[in-house]
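This report concerns only the one structure given below.
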Amino acid sequence: MVSIPLHSVYLLQTKGCVKNMDRQGLNLRRSIGRGMSPQDFVDGMQIRTMELSGIQNTKQRFITEYEQFAWRNEEDRTYFSGIRERSDLGHCLILCTDWCPDVIWNVPLLLRVLETCGIPGEILPMEEHLDVMDLFLTDGGRAQPVAAFLNTNGDVLGRWGARPAYIQAAMDRFKEEHPDKSRPEYMSNLDRTYRRIGELYREDNGARYRDAIIQELKILFTAFPKEARF
């Protein structure tokens, strides 16, 4: 079994994948310590097959994504390693479940980035923390995973989720082209979109989507308030 340290993140979401928080008074200090460690999350995962996403064993895919992660760009690794020298970031909360394919692809990478940054975090099972999840809806829905980055006071500085922007674009196009859920072809078109999203995640053995998330996180961190800038 993979051993995943507690240096992880809390995920929260947005349509644009990356969002800097500018709302006054959004503080999640009360949520710190209410979740579970990444290892406990993995240990409790059910094994599922997600055919549309091209995932034969969700638990094994999650572990494989975590264990096989490697920095492809030394500049990126250096950037995130440098965050260890700062004390502004206090925690990261990851909201997710084990039945969402985006969680299987994205959370292992987020955990690795958190480890490199030295940011402590935990997993908040979404269904047990809907009060927090509903603070970070995507187009009015509970898209996951979502990572919320907090300062040492528990104030939310920014969030990432639930997919890289270029993959989310496939879902955005579907919603624009098929707004009527009562249409008989709606579900078949939705399945086709999920299949396409799975293909995008697997493209170039996953290198493209991982690189995209890393760049989006760099943009997010750079946009944090001046006092928390790295």
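The values are calculated or read from the model by the stated rules, or taken from the named source; none is laboratory data. Keep in mind the model is a prediction, meaning the values are calculated, not measured. When we count neighbours, we look across all protein chains shown, and the Cβ atoms used for this are built from the backbone with ideal geometry, even at glycine. The accessibility values were calculated without ligands, DNA or RNA, using every heavy atom of the protein model including side chains. Shrake-Rupley method; radii C 1.70, N 1.55, O 1.52, S 1.80 Å.
The test for being open to solvent by less than 10 Å² (accessible area, probe 1.4 Å), out of contact with any Lys or Arg (no Cβ under 8 Å at 6 or more places or on another chain) and of a type outside the set (D, E, K, R) does not hold for Leu150.
Look at (1) of a type outside the set (Val, Ile, Thr); (2) under 16 Å from the mean Cα position of the chain (by Cα); (3) at pLDDT below 95; (4) open to solvent by 70 Å² or more (accessible area, probe 1.4 Å) and you find that Gln24 fails only one, number (2). Being over 18 Å from Leu28 (Cβ atoms) and under 16 Å from the mean Cα position of the chain (by Cα) is a condition met by at least one residue of segment 182-197. Scanning segment 73-105 for residues that are open to solvent by 30 Å² or more (accessible area, probe 1.4 Å) and touching a helix residue (DSSP H, G or I) at 6+ places or on another chain (Cβ under 7 Å), which turns out nearest to Gly206 (Cα to Cα)? Applying the filter and picking the extreme gives Pro101.
Quick grid of which residues meet (1) crowded, with 19+ Cβ neighbours inside 10 Å; (2) in contact (Cβ under 8 Å) with a residue 12 or more places away in the chain; (3) among the basic types (Lys, Arg):
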{"residue": "Leu137", "(1), (2), (3)": "no, yes, no"}
{"residue": "Arg142", "(1), (2), (3)": "no, yes, yes"}
{"residue": "Val146", "(1), (2), (3)": "yes, yes, no"}
{"residue": "Arg159", "(1), (2), (3)": "yes, yes, yes"}
{"residue": "Met171", "(1), (2), (3)": "yes, yes, no"}
{"residue": "Lys181", "(1), (2), (3)": "no, no, yes"}
{"residue": "Pro184", "(1), (2), (3)": "no, no, no"}
{"residue": "Ala207", "(1), (2), (3)": "no, yes, no"}
{"residue": "Ala223", "(1), (2), (3)": "no, yes, no"}
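The residue of segment 49-63 that is most open to solvent (accessible area, probe 1.4 Å), among those that are of a type outside the set (D, E, K, R) and out of contact with any helix residue (DSSP H, G or I) (no Cβ under 8 Å at 6 or more places or on another chain), is Gln56.
Each row is one residue, and each column tells you yes or no for (1) in contact with a Pro (Cβ under 8 Å, 6 or more places away or on another chain); (2) touching a residue at least 60 places away in the same chain (Cβ under 8 Å).
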| site | (1), (2) |
| --- | --- |
| Gln46 | no, no |
| Arg61 | no, no |
| Tyr66 | yes, yes |
| Arg72 | no, yes |
| Asp76 | no, yes |
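Checking Gly90, Gly82, Gly54 one by one, the residue that is at positive phi and either in contact (Cβ under 8 Å) with a residue 12 or more places away in the chain or small (Gly, Ala, Ser) (or both) is Gly54 and no other. Can Ile214 be described as open to solvent by less than 30 Å² (accessible area, probe 1.4 Å), at pLDDT 95 or above and touching a Leu at 6+ places or on another chain (Cβ under 6 Å)? Answer is no for this residue.
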